[in-house]
Amino acid sequence: MKKIYLILMLLLASLFVVSCQNEGEITEDRFDYSFSFNNDYMYAYIAINISTETEEEAHSVRDQVESIYRMYHELTTSYDPLDENSDYLENIYSINQQKNQKLEIDKELYDLLVYAEEIKSLSNGYFDISIGKVVDAWKDIITPEEDPQIGDTVFLLDDEVYVEVTGINLQNGRISVENYTDTFAFYEYKQDITTEAFNLTIDKVNQIDTEDFNIILTEENQKYYIEIQGEDIKLDLGAISKGYATQKVYDLFVELGIEYFSVSAGSSSIVVGKHPIRESGKYWIELANPILGPNYSEAYGTFYTSNNSITTSGNYEKYVIYGGNRYHHIVSPLTKQPAHFYHTVTLIGPNAGLLDALSTALFSMPKAELEAWILEHQEELQIDIITFNQDRTISKYLINDIDEDF
């Protein structure tokens, strides 16, 4: 249901070799190893850096990490059925095809579903894995854009306002506009949607009766079961599965005694151990400016942390414009529409799975409700929160020792 860009800055002086070819090098009696999964799992590019004592250990760890991501990808995908020779009983895709039936599922999936339901309660219903059909309705109008053609009418971002312009020219891979004083890159171009398309989507989601949705999870004699109820119920774990799996990878590193590591799961979920060469042991994390777009390198803030997880949800990776607002695929379960309170919500804390789900939930909360939730839960959960608000102000709710520059 999401996500948006964090920039994990590994300085050139870092001993990690960032590589897609699974290379490594020996440095000061350590084997520094980098590997990646290019959209093989969780529909995301996953890049990992670790330091181990030997090359053999590094390769063993890579295999274990891949096994974790592979398992959670197969169990949680809502797009593909399990292979005929799969070791698993059911996955989210097959469960969605079998409503009102009690199905036996694997313990790993059961535990994740129980956790998701706990976060639903924790977030006052703002996190809900049952509204996949509502999310799909909004995704249907957020389609990949084609490059604009000469003479098209487009929306371009001018400061914080979308300006409708016509008569564009294409020069050196950029858009220039007749009688306009600035030049815009392709990624600043966003097509508007018609009132007809918007109203059709509203009608579609209003016809989905989410009140009759029900998820029943039971354990009997060390076997695990699920039954989903509701005519239009569709489970979607996209807002938790990647973070949940990444937390399992973090736990593996801790169990194996791996001290130096970083994991970038997609562009929105990061976990880090200690930095291998900085005296402080902290990584430098930059938060990309959501107004400028994901292809800009400019950040709106920087902080330093170690042994932590960082997750961001936001509205600028995929969206369309209607009525001056960005319509995206982070949908509030309460209103069944995308919310317009923030451009991004960033969480920093000890559990990547929790942060993945909570960042989605908090993104849809009005500011007053968000602040009331923070007062009630922040200290217990030990999470720091940063919001880039719709009015382009930044709000920081920090309780931990985080070096930051905003």
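Under the simplified labelling scheme, the Y397-N100 pair shows an inter-label distance of 4.1 nm, with each label point 7 Å from Cα along Cα→Cβ.
Computed extension gain for K107 through N38, at 0.36 nm per residue and net of the alpha carbon distance, reaches 22.1 nm. Where in the stretch 76-104 does the amide nitrogen come within less than 11 Å of the point 7 Å from the Cα of E220, taken along Cα to Cβ? What the label zone holds, given the 11 Å backbone N cut-off, is 102-104.
Scoring 252-262, 360-370 by mean Cβ neighbours within 10 Å over their residues and listing the highest first yields 360-370, 252-262.
Label separation (S306 vs E376): 3.6 nm, computed from points 7 Å beyond Cα along the C-beta direction. Packing-based ranking of 335-344, 85-94 yields 335-344, 85-94, ordered from highest to lowest mean Cβ neighbour count within 10 Å.
Sorting the segments 196-202, 303-309 by their mean number of nearby beta carbons within 10 angstrom, highest to lowest, gives 303-309, 196-202. Taking 7 Å steps out from each Cα toward its Cβ at Q207 and S86 produces label points 3.0 nm apart. Potential lengthening of the chain between V254 and Y115 amounts to 47.9 nm, from the contour at 0.36 nm per residue minus the alpha-carbon distance.
Only the coordinates and a few stated rules stand behind these numbers; no lab work does. Since this is a predicted model, take the numbers as computed values, not measurements. With ideal geometry, Cβ positions are generated from the backbone for all residues, glycine too; neighbour counts draw on all protein chains shown.
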